[in-house]
Amino acid sequence: MSQKPKSRSRPSSQGEREPGGGGEEAPSTSRGPGGAASQRRAQASPAPGPRSQKQLELKVAELVQFLLIKDQRKIPIRRTDILRHVVGDYKDVLPELLRRAAERLEYVFGYRLVELEPRSNTYILVNTLEPVEEDAEVRGDQGTPTTGLLMIVLGLIFMKGNTIKETEVWDFLRRLGVHPDKKHLIFGEPKKLITEDFVRQRYLDYRRIPHTDPVDYELQWGPRTNLETSKMKVLKFVAKVHNQDPKDWPAQYCEALADEEARARPQPAGPSPATASAPTPAPVS
């Protein structure tokens with residue numbers, strides 16, 4: 001779905017407006033009297049240059065993923081957390097980031113970004129859809145708070161060629177406020193969840209990379225993932241987060257198509273394990 005660029009001076013809606021009514025954390029654009037001190041501050045903190053559309057889109061995708069993760073426990077999302085974990089030095093375009101993220105959440109994922117109370121600086125996601133089963137899978141919404149995180153990790157693995165270093169996973173998740181060495185409000189101990197729980201549940205395979213110093217590990221899809229989802233579903237999830245079409249990643253799209261075709265082919269007939277291992281009944285005398 002293409003989006004036409006809109007002026008940042010356009011009045012914003014409830015789900016995208018700058019909370020607090022004044023944008024107090026954004027650099028001031030006032031031309032009022034400030035004297036030499038004001039000029040020195042302006043010289044010490046030069047205004048950031050214009051961002052490219054690609055830079056803004058990457059930051060919006062990051063913000064969307066952050067909001068989806070934070071919403072898993074249905075606890076209001078604080079603006080201070082958005083600024084700290086996602087926005088960084090993009091404070092000057094925060095209203096634009098929120099506007100684009102709100103549009104993507106609503107039109108792609110079926111969530112409306114709403115400020116909980118006026119001037120509260122906290123947000124919630126309101127589900128505007130009654131998703132069918134397949135749509136729920138694509139959104140990573142399968143009834144457990146950890147499913148959204150698992151979908152993001154599965155997407156990282158697939159987009160990196162079906163194998164990714166653990167250090168690369170944490171480099172990405174830190175930008176969403178998920179750290180390997182810090183307890184998380186939603187996920188508890190994220191490192192244990194990813195490298196032990198998901199591995200034990202067979203969603204992920206986790207193995208040491210030989211001859212690495214310092215020691216590093218890699219992650220791949222586990223056998224349960226291949227049974228419960230598919231490369232195409234995960235690619236659609238990634239595409240929706242980035243507001244792109246799955247075909248925008250030709251290599252991954254071709255791989256996902258081949259996977260779909262392989263799944264559609266009839267499997268060779270044979271006895272089930274239960275039938276093969278069943279003892280031969282004794283003859284009736």
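Label zone (residue 262, point 7 Å along Cα-to-C-beta; backbone nitrogen cut-off 18 Å) within the range 206-241: 220-236.
The distance linking the range 167-240 with the range 66-125 is 24 Å (Cα centroid to Cα centroid, whole angstrom). Accessible area per residue for the range 205-261, computed on protein heavy atoms with a 1.4 Å probe, is 57 Å².
When you count, for each residue, the other Cβ atoms within 10 Å and take the mean per peptide, how do 156-163, 191-198 rank with the highest first?
Per-residue mean Cβ counts within 10 Å order the peptides as 191-198, 156-163.
Here the accessible area of the range 82-128 is 47 percent carbon and sulfur, with a 1.4 angstrom probe and all protein chains present.
Proximity of backbone amide H atoms, modeled 1.01 Å from N, is registered between residue 205 and 220, 221, 222 at under 5 Å, excluding neighbours fewer than 5 places apart on the same chain. When each of the peptides 61-69, 237-245 is scored by the mean number of other C-beta atoms lying within 10 Å of its residues, the order from highest to lowest reads 61-69, 237-245.
The alpha-carbon of residue 165 sits under 26 angstrom from the alpha-carbons of these lysines, leaving out residues fewer than 8 places away in its chain: 54, 59, 70, 182, 183, 191, 192, 231, 233, 236, 240, 247.
The values are calculated or read from the model by the stated rules, or taken from the named source; none is laboratory data. All of these numbers come straight from a predicted model, not from anything done at the bench. Note that we place each Cβ from the backbone using ideal geometry, even for glycine, and neighbour counts take in every protein chain shown. These area figures cover heavy atoms from the full protein model, side chains too; ligands, DNA and RNA do not enter into them. Shrake-Rupley method; radii C 1.70, N 1.55, O 1.52, S 1.80 Å.
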